[in-house]
Amino acid sequence: MSCVHHVKVNWFEAETEPLMISPYYEWRKRDFLDTYQTLPVLCLEPSTFHLIETSLAPLPKELMRRMFQSSYKHHHRYDFGAIICDQTAVLAIDTLGYDFPLLKSRLTPIKEKQVLTMCQTLKPCQYQIEKQRETPSIYHLTHPHLVGLTRKEREIKSLLLFMLEQLTLNEQYEALTYFTTLYYRLKKRPAKDFGPSFLEELKTGYTAVHEELVKNMLPLDACYQELYEEAVVEETFEHFQY
């Protein structure tokens with residue numbers, strides 16, 4: 001089996017939206033980077049790669065068998081870690097012992113180029129993956145809502161929708177009305193009611209009002225401040241290549 005050595009990864013947990021798996025140039029100094037001494041490389045058909053990248057569906061047993069104990073980290077074998085590639089895109093995954101790709105990461109530029117070159121000589125494999133049928137939440141951000149945004153903007157928008165979802169689940173309707181009114185006041189527009197059209201407006205595009213609204217909602221829960229501070233950090237690995 002083809003392998004790549006000394007691979008640095010920046011894991012994103014339980015992600016199903018590829019744009020939320022930040023590329024190398026958006027990695028931050030505060031991110032926890034992990035290093036694998038060895039990761040196997042699996043060349044997949046684009047359809048198989050896409051399903052793994054965009055879902056948490058269970059991986060086929062044959063694919064799990066090929067991955068089993070082929071990765072090394074800290075001089076120990078790990079059960080289900082690998083780099084998958086469709087000869088165009090590259091993604092590192094680790095199941096942490098589960099049967100689905102819980103952790104996902106992009107690679108550094110040099111390792112990504114190495115994997116793409118390696119995959120040109122490998123025959124792509126196709127596996128049957130049963131796509132899970134899920135009803136998307138109205139608070140869920142999809143590709144059109146995230147394309148063109150920086151990591152900071154994506155994470156602030158995601159945090160904003162998460163906070164509004166928590167208010168809805170906790171039936172805090174007065175707070176929802178207040179923050180909806182505040183949003184339109186910041187936009188200097190006539191206020192509208194909280195509802196699907198308001199949420200769709202929030203999910204579309206990005207302005208300074210998104211961040212201002214988040215700042216006003218931070219006192220709702222102590223953990224929100226920490227999530228916000230993580231989102232606004234702009235220190236990246238400017239010269240980190242390997």
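The values are calculated or read from the model by the stated rules, or taken from the named source; none is laboratory data. Note that this is a predicted model, so its numbers are computed, not measured. Using ideal geometry, Cβ is built from the backbone for each residue, glycine included, and neighbour counts are taken over all protein chains shown.
Run down Glu155, Glu171 and say which single residue is closer than 26 Å to Leu19 by Cβ and outside the structural domain of Asp31 (by TED's automatic domain parsing). Full working, then the answer.
Numbers: Glu171 fails: closer than 26 Å to Leu19 by Cβ.
The unique qualifying residue is Glu155.
Tell me the residue from Leu44, Leu96 that is in contact with a Leu (Cβ under 8 Å, 6 or more places away or on another chain) and either of a type outside the set (Lys, Arg) or crowded, with 22+ Cβ neighbours inside 10 Å (or both), please.
Of the residues listed, the single one that is in contact with a Leu (Cβ under 8 Å, 6 or more places away or on another chain) and either of a type outside the set (Lys, Arg) or crowded, with 22+ Cβ neighbours inside 10 Å (or both) is Leu96.
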**Message:** Residues that are within 17 Å of the chain's Cα centre (by Cα), of a type outside the set (A, V, I, L, M) and surrounded by fewer than 20 Cβ atoms within 10 Å (Cβ to Cβ): does the range 82-89 have at least one?
**Reply:** no
**Request:** Tell me, yes or no, whether the range 35-45 has at least one residue that is touching a strand residue (DSSP E or B) at 6+ places or on another chain (Cβ under 6 Å), closer than 30 Å to Val232 by Cβ and without any contact (Cβ under 8 Å) to a residue 40 or more places away in the chain.
**Result:** yes
**Message:** I need every pair where a residue in the range 178-190 that is under 19 Å from Met163 (Cα atoms) has its Cβ under 7 Å from the Cβ of a residue that is hydrophobic (A, V, I, L, M, F, W, C) and in a helix (DSSP H, G or I), sequence separation at least 6 or different chains.
**Reply:** Phe179/Leu213; Phe179/Met217; Thr180/Phe198; Leu182/Leu213; Tyr183/Val209; Tyr183/Leu213; Leu186/Val209; Leu186/Leu213
**Request:** Could you list, in sequence order, all residues of the range 191-212 that are in contact (Cβ under 8 Å) with a residue 12 or more places away in the chain and more than 23 Å from the chain's Cα centre (by Cα)?
**Result:** Lys192, Asp193, Phe194, Pro196, Phe198, Val209, Glu212
**Glu153, sole failed condition from (1) within 27 Å of Trp27 (Cβ to Cβ); (2) acidic (Asp, Glu); (3) not in a helix (DSSP H, G or I)** = (3)
**Asked** What number goes with the only condition from (1) in a strand (DSSP E or B); (2) modelled with pLDDT under 95 that Arg30 does not pass?
**Response** (1)
**Tabulated pairs, the range 5-23, first assigned by TED's automatic domain parsing to the domain that holds Ile83, second in a helix (DSSP H, G or I) and among the hydroxyl-bearing types (Ser, Thr, Tyr), C-beta under 7 angstrom, 6+ apart or interchain** = Thr16/Thr54; Pro18/Thr54
**Prompt:** Which of the following residues is more than 27 Å from Glu230 (Cα to Cα), in contact with a strand residue (DSSP E or B) (Cβ under 7 Å, 6 or more places away or on another chain) and not small (Gly, Ala, Ser): Val9, Val90, Val4?
**Reply:** Val4
**Request:** Would you mind telling me which numbered condition in (1) surrounded by 17 or more Cβ atoms within 10 Å (Cβ to Cβ); (2) modelled with pLDDT of 95 or more; (3) closer than 16 Å to His5 by Cα Ile110 fails?
**Result:** (1)
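Just wondering, is there one or more residues in the range 18-27 that are under 20 Å from Gln120 (Cα atoms) and crowded, with 16+ Cβ neighbours inside 10 Å? Full working, then the answer.
Of the range 18-27, the ones under 20 Å from Gln120 (Cα atoms) are none.
So far as the range 18-27 goes, no, none of its residues is under 20 Å from Gln120 (Cα atoms) and crowded, with 16+ Cβ neighbours inside 10 Å.
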